[in-house]
Amino acid sequence: MSRTSSLHRILGKLAPSTMDRYLLRQVVPPFSIALGVVMAALLLERLLVLFDILAANGSSMKTFFGLLSDLIPHYLGLALPAAMCVSVFSVVRRMSANHEIDALTASGVSIFRICQPFVLTGAVFGVLAFSLYGFIQPYARYDYRAAFYFASHAGWTPHLQSKMFAASDDVLLTAETVDHAGSRLWHVFIRDNTDKAHVRLISAQKGYLYNPADGSRMRLDLVDGTIITDSQDKPPSITSFTRTTRLISRDAKIDEEAYRNRGESERELTVPELYYGIKHGYPGISHSYMVAELHFRLARTIAIPFIPILACALAGVRKRQRGNPGLAIAAITLVGFDHTLQMGMSFVANMHMSPLLVMWLPTFGFAIICTGMLIRQAGGLRILLTKGPALPPRELSADGLPRHIAKGRA
């Protein structure tokens, strides 16, 4: 029975009160609007660039939306802290202007208690941001680069389709399946009559059609196939290959980027992969770059729960105060902190400085500044440390607010 009652007490303390639910309901609409506006603003410029490139290469809308989905995790990591700051600031400012904050504090609810659901929400967002920064963004970044490469270097895009023939003067090409706007092919067959003395029949499991940006002739990189060379005066010869560049351009070489695996950049590695690379080394990536990337992601994650504290501290409206520059101050603080972390990451990667000095010290400074501003908004340390006069006993009512118990009441 004692264990059951203890469990019920713990669950009761963890369950949100009516005031918590009210505050969270108030913050959801502005958070959704702010997140949508910030995401649209961040994506707009990149969308215009994608439209120009994909339209020039004749790519489909399927390719465009695929690239867009790969961009969302990156910009979501930037938009999430901004939307959280704007939404919490707007809610607390409106409550302060409508004297709801004054009513709550007069009834014995501190500003720290009012900020509690926002801070807990920020902690939840911090966990989500860790999964976003540490696992989702590396895969999305690699997928975007690969898809953008194939979309921007698509050859014969308007003509090459699945199970259809694309012919030039000397080459006939067909493929069972064509994807990535005509640049990636499966089950490829080619009849090449470039050399008038020989006819080459080529079949391959995969093919990558590449149209160089410098305007030179496009080439076809083939994987796992067979070449049958038929000469007029000799028996046919059969040659097997693993990878080869064929026929479209004689001077072409295999494009290594078309075949590279994820992990050539530290930004494409997940957090466990970065940790493993720091301990044991990772081919092709500097140790200092992996250290800088790992600490940068962790520092950004740790800072997220303090953003609602900053918003609550700056959203208060003093009596007879018309304007409040709090939102501008919050924006400058967040942008400055993010740029400081990026500069610290550059120092760690290129100058081998300690991440404790150039990344974690600013992070702890940001946390202390946010907490100190909220304490100042609440009245300062003197109010927190000074023991006031004895108050009559209180209990929480059904709405989550304190109420006084009259003396002599049973």
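The values are calculated or read from the model by the stated rules, or taken from the named source; none is laboratory data. Bear in mind that the values here come from a model prediction, so they are computed numbers and not experimental data. Here the Cβ positions follow ideal geometry from the backbone for every residue, glycine too, while neighbour counts run over all protein chains shown.
In summary, H159 fulfils each of the numbered conditions (1) at pLDDT below 85; (2) assigned by TED's automatic domain parsing to the domain that holds L341 with the single exception of condition (2).
Does A83 count as under 30 Å from L54 (Cβ atoms), at pLDDT 85 or above and buried (at least 21 other Cβ atoms within 10 Å of the Cβ)? Judged against the criteria, A83 is a match. Evaluate the following for I114: is it within 16 Å of A315 (Cβ to Cβ), at pLDDT below 90 and not hydroxyl-bearing (S, T, Y)? So I114 fails the test. Picking from residues in the stretch 224-265 that are at pLDDT 80 or above and among the hydroxyl-bearing types (S, T, Y), the one that is farthest from A147 (Cα to Cα) is S237. Can we say D221 is modelled with pLDDT of 80 or more, farther than 30 Å from F296 by Cα and surrounded by 15 or more Cβ atoms within 10 Å (Cβ to Cβ)? Judged against the criteria, D221 is a match. Just wondering, is there one or more residues in the stretch 309-330 that are at pLDDT 95 or above and among the basic types (K, R)? No, there is no match, as no residue in the stretch 309-330 is at pLDDT 95 or above and among the basic types (K, R). Output the qualifying pairs, or none if there are none: Cβ atoms under 8 angstrom, residues six or more apart or on different chains, first residue in the stretch 348-363 and more than 15 Å from A299 (Cα to Cα), second residue at pLDDT below 95 and assigned to a loop (DSSP other than H, G, I, E, B). Close Cβ pairs (under 8 Å, with a partner that is at pLDDT below 95 and assigned to a loop (DSSP other than H, G, I, E, B)) amount to A349/S286.
Filtering the stretch 274-304 to residues that are modelled with pLDDT under 95 and assigned to a loop (DSSP other than H, G, I, E, B) leaves G281, Y282, P283, G284, I285, S286. Among the residues making up the stretch 96-112, those that are of a type outside the set (D, E) and without any contact (Cβ under 8 Å) to a residue 60 or more places away in the chain are N98, H99, A103, T105, A106.
Just a yes or no: is a residue in the stretch 86-107 closer than 30 Å to E273 by Cβ and assigned by TED's automatic domain parsing to the domain that holds R300? Scanning the stretch 86-107, I find no residue that is closer than 30 Å to E273 by Cβ and assigned by TED's automatic domain parsing to the domain that holds R300, so the answer is no. One residue alone among G126, G66 is modelled with pLDDT of 90 or more and assigned to a helix (DSSP H, G or I), and that residue is G126. Within the stretch 269-283, the set of residues being among the hydroxyl-bearing types (S, T, Y) and under 17 Å from the mean Cα position of the chain (by Cα) comprises T270 only. Candidates R94, R141: the one that is among the charged types (D, E, K, R), modelled with pLDDT of 90 or more, surrounded by 14 or more Cβ atoms within 10 Å (Cβ to Cβ) and more than 27 Å from F296 (Cβ to Cβ) is R94.
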